[in-house]
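The values are calculated or read from the model by the stated rules, or taken from the named source; none is laboratory data. From a predicted model like this one, the values you see are computed outputs, not experimental measurements. So basically every Cβ, Gly included, is an ideal-geometry build from the backbone, and we count neighbours across all protein chains shown.
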Amino acid sequence: MSRITGPFVAIVTPFDASEAVDAAALARQVRRQAGAGNGVFCAGTNGEFYALSFEEKVQVAKVCVEAAAGEVPVLAHVGEISTHQTIALGKAVEGFGVKAVSVITPSFIACTQAELVDHYTKVADALAVPVYLYNIPARTGNTIEPATARALAAHPNIIGIKDSAGSQESLDGFLAIARERDDFDVLVGPDSLVLHGLKNGAAGCISGLGNVAPLTLNTIHTAFVTGDLAAAEAAQTRFSTLRKDLYAFGFPPALVKRALRHAAPEVGASRAPVLIADDVDAKVKALSATYAEAV
């Protein structure tokens with residue numbers, strides 16, 4: 001399989017007024033990202049996977065692949081709490097044409113590293129589509145240690161890791177593994193570390209803020225690849241400032257969606273119980289006006 005590279009956006013899942021998935025609005029957001037040159041990562045953290053049913057996750061993957069129409073690659077998140085359900089979801093979406101799937105560490109269950117190795121090995125064995133590990137310990141309570149990732153990198157169907165631990169130290173630990181071998185890649189999760197990751201061997205990134213500022217995200221990657229480091233640095237500074245200012249208000253996925261909603265009302269609100277106070281919303285609206293990018 002050819003290497004998967006470039007910027008991906010962890011696309012939001014639009015809901016209508018009754019909190020049902022709005023497939024038409026989702027397709028339009030996919031086309032918007034394709035217009036900016038960004039790939040799509042669906043049903044991830046910013047896609048509210050934790051609030052979607054099994055059937056909705058399958059629907060979201062299908063809509064995204066169809067809307068992308070082969071113009072940009074689509075990655076699908078399929079991580080569930082149990083190994084059994086993760087495999088079932090992976091099998092349900094792998095035939096749509098996703099380039100790979102991402103599997104978050106199980107939540108609620110406090111996993112040992114041996115259990116994580118077993119979990120990911122069974123998933124990668126069962127699926128025909130390539131698998132990325134997905135490390136986000138602040139949300140799941142489970143951390144993929146570098147030694148565990150190094151062991152799993154030997155599996156022929158595990159092609160990399162999406163690291164969203166949030167620290168440069170964590171990211172650097174996985175980048176070191178990627179530099180050791182040509183069949184294991186790192187996709188940067190934290191929007192503040194996109195350029196750092198690229199400078200140190202990351203294949204690309206999966207960004208939440210790309211929903212709000214898709215052109216800025218794409219510029220970080222394309223400017224770096226073409227050797228225009230000054231432009232890449234400027235875009236990264238803009239991106240990092242947006243991240244700092246927006247995430248200061250609370251739960252990042254809900255704030256990303258609310259900021260996008262001010263520019264594209266059809267994406268709707270986050271599913272309950274998420275609420276955004278009126279005073280916070282006013283501040284988010286002001287940020288959206290400053291950073292929103294039409295594509």
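Which ones in region 260-269 are touching a residue at least 24 places away in the same chain (Cβ under 8 Å) and surrounded by fewer than 16 Cβ atoms within 10 Å (Cβ to Cβ)?
Passing the criteria: only Glu266.
Is it true that some residue in region 50-60 is touching a Cys at 6+ places or on another chain (Cβ under 9 Å), touching a residue at least 24 places away in the same chain (Cβ under 8 Å), crowded, with 23+ Cβ neighbours inside 10 Å and farther than 24 Å from His221 by Cα?
yes
Select from region 270-295 the residues that are in contact (Cβ under 8 Å) with a residue 60 or more places away in the chain and small (Gly, Ala, Ser) and write down the one among them that is surrounded by the fewest Cβ atoms within 10 Å (Cβ to Cβ).
For region 270-295, the residue satisfying everything is Ala272.
Kindly indicate whether Ala203 is of a type in the set (Gly, Ala, Ser), out of contact with any Gly (no Cβ under 9 Å at 6 or more places or on another chain) and either under 23 Å from Arg32 (Cα atoms) or surrounded by fewer than 15 Cβ atoms within 10 Å (Cβ to Cβ) (or both).
So Ala203 does not fit the description; no.
Quick check: anything in region 142-153 in a helix (DSSP H, G or I), within 19 Å of His77 (Cα to Cα) and at pLDDT 95 or above?
Within region 142-153, one or more residues are in a helix (DSSP H, G or I), within 19 Å of His77 (Cα to Cα) and at pLDDT 95 or above.
Exactly one of (1) under 22 Å from Gly47 (Cβ atoms); (2) exposed (fewer than 14 other Cβ atoms within 10 Å of the Cβ); (3) basic (Lys, Arg) is unmet by Lys257. Its number?
(2)
Could you say whether any residue in region 168-177 is over 13 Å from Phe8 (Cα atoms) and either in a loop (DSSP other than H, G, I, E, B) or basic (Lys, Arg) (or both)?
Among the residues of region 168-177, not one is over 13 Å from Phe8 (Cα atoms) and either in a loop (DSSP other than H, G, I, E, B) or basic (Lys, Arg) (or both), which makes the answer no.
Scan region 1-46 residue by residue and report those that are of a type in the set (Lys, Arg) and under 19 Å from Val188 (Cα atoms).
Hit for region 1-46 is Arg3, nothing else.
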